[in-house]
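Input: a single structure, listed below in structure tokens.
What follows is calculated from the coordinates using simple rules that are stated; it is not laboratory data. Owing to the predicted nature of the structure, the values given are computational and were not obtained by experimental measurement. Glycine gets a Cβ as well: all are built from the backbone with ideal geometry, and neighbour counts include every protein chain shown.
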Amino acid sequence: MNAGSIFVQQLINGLSLGSIYALIALGYTMVYGIVKLINFAHGDVMMVGAYAGYFVLCAMGTTPIGMVCAFIVAMVFCGLLSLVIERLAYRPLRNSPRLNSLITAIAVELILQNVMRILPFVGPEPRSFPTLAAKNFNFVFGTISNVQIIVIVLSAALMIVLNYVVNYTKTGKSMRAVSFDLGASSLMGININKTIAITFVIGSVLAGAGGVLYATAYPQIDPMMGYIPGLKAFVAAVLGGIGSIPGAMVGGIILGVAETMVKAYLSSQYADAISYCILIVILLVKPAGLLGKKIRVKV
């Protein structure tokens, strides 16, 4: 395999990984865009989605129908879980200082991790995630697997659906209005609580899908699996511009490709470090992110 083929192959691998980061990053950026909350529990919602998909696949097998059911169950379960979290943990603190909400998000993250660890049908031990039989498709410059095709295509489809919902539906118009001015939106008759709850649900539905996709691409799950992907997705959201939906997509792809290229051309030991180096550089050079907007605060 020549240098060009290696580059294209790693680019495909990076697009696959970046698509997952982008899905998870969308949840961070949507919630922050509306309530200015960094929901650090989001990565663990992804982990819960992976486990929901795991149990469905164990029951139904790794057939196409089983995979579809795993995605549906994971997305619905994560959406319902987000409703509970938002209602019990975040809504009571909406008018409190942001630090209170941030600490609560970290607490929810730890609660989800440890509840999953003590559940008798989950436990702390890693488990192998059932996956489709591997099938590779060769083309001129490289190889792409059926799993990578599923990850890239499904991620792109979900992003397109999200873009439609946000830009062309009444719910999306309400979300954009609340993100622009929460107080004025309330005066205009928009149900603030409902809009924020829907935002949490949409972000968590994407996280549930991302959890199944991540476990399909990297077939091992455990209660701590959401921490690192969640943290990298947060870096992707900041890279693209936290609060910007297109920015989260772009940031996720850039981060996935960068991480994969570092693994290929330098060392896998630097793969995690590159994410945080990118975060530091972007905060120094362009704090608002690639597609973010500067916000001036009057004092």
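What's the magnitude of the charge dipole for the chain around its Cα centre, counting Lys and Arg as +1 and Asp and Glu as -1 at the beta-carbon? Answer in Debye, nearest 20. Write out the running numbers ahead of the final one.
Values: 19 positive and 8 negative charges, 208 e Å.
Dipole size: approximately 1000 debye.
For the chain, what is the relative contact order in percent, using Cα pairs closer than 8 Å and at least 6 residues apart in sequence? Present the calculation step by step, with values, prior to reporting the outcome.
Working: 492 pairs, mean separation 107.9, N = 299.
This gives 36 percent for the chain.
Efficiency by 1/(1 + (r/R0)^6): what FRET value for Tyr265 and Lys286, r their Cβ-Cβ distance, R0 = 25 Å, to the nearest 0.05?
Numbers: r = 25 Å, r/R0 = 1.00.
Between Tyr265 and Lys286 the formula returns 0.50.
Sort the following peptides by mean Cβ neighbour count (other Cβ atoms within 10 Å, averaged over residues), highest first: 163-172, 274-283. Each step should come with its number before you reach the end.
Values: 163-172: 13.1, 274-283: 16.0.
In descending order of packing, they fall as 274-283, 163-172.
Can you tell me, using C-alpha contacts under 8 Å and at least 6 residues apart, the relative contact order of region 215-299 as a whole percent? Don't skip to the end; give the middle numbers.
Numbers: 82 pairs, mean separation 25.2, N = 85.
Relative CO of region 215-299 lands at 30 percent.
Where the eigenvalues come from the Cα gyration tensor of the chain, what are the semi-axes √(5λ) of the equivalent ellipsoid, largest first, in whole Å?
Numbers: eigenvalues 187, 112, 66 Å².
One finds semi-axes of 31, 24, 18 Å for the chain.
Just subtract the alpha-carbon distance of Asn138 and Glu125 from 0.36 nm times their residue separation and send over the number in nm, one decimal.
Values: separation 13, 0.36 × 13 = 4.68 nm, distance 3.62 nm.
Gain on extension, Asn138 to Glu125, equals 1.1 nm.
Across region 210-299, how many lysine pairs separated by 8 or more positions, or lying on different chains, have Cα atoms within less than 26 Å? Intermediate results must be reported in sequence, preceding the final value.
On the way: Lys232/Lys263; Lys232/Lys286; Lys232/Lys293; Lys232/Lys294; Lys263/Lys286; Lys286/Lys294; Lys286/Lys298.
Close lysine pairs found across region 210-299: 7.
Taking R0 as 45 Å, what's the FRET efficiency between Leu99 and Ile72 from their Cβ-Cβ distance, rounded to 0.05? Before the final figure, lay out each step's value.
Numbers: r = 37 Å, r/R0 = 0.83.
After rounding to 0.05, the efficiency reads 0.75.
Please sort 8-15, 117-124 by packing, taking for each peptide the average over its residues of neighbouring beta carbons within 10 angstrom, highest first.
Numbers: 8-15: 19.2, 117-124: 11.4.
Top of the packing list down: 8-15, 117-124.
For Ala41, what charge total do you get from the other residues with a beta carbon under 13 Å from its beta carbon, if Lys and Arg give +1 and Asp and Glu give -1? Let's see the in-between values first.
Details: positive: none; negative: Asp44, Glu86, Glu109.
Summing Lys/Arg as +1 and Asp/Glu as -1 gives -3.
Could you please report the charge total around Leu11, scoring K, R as +1 and D, E as -1 over all other residues with beta-carbon less than 13 angstrom from its beta-carbon? Write down the numbers at each step before the final one.
Details: positive: Lys263; negative: Glu259.
Within the 13 Å Cβ shell, the charges total 0.
Once each part is reduced to its C-alpha centroid, what is the distance from region 8-43 to region 162-235 in angstrom?
The two parts, judged by their Cα centres, are 10 Å apart.
With a 10 Å cut-off between alpha carbons and a GNM built on the chain, which of Ala89, Ala22, Ala74 moves the most?
In this elastic network of the chain, the residue with the biggest mean-square fluctuation among Ala89, Ala22, Ala74 is Ala89.
Report the label-to-label distance for Arg117 and Arg87 in nanometres (one decimal), using points 7 Å from each Cα along the Cα→Cβ vector.
2.9 nm
What percent do you get for the relative contact order of region 1-88 when only Cα pairs under 8 Å and 6+ apart count? Walk me through the numbers on the way to the answer.
Numbers: 43 pairs, mean separation 18.4, N = 88.
After rounding, I find 21 percent.
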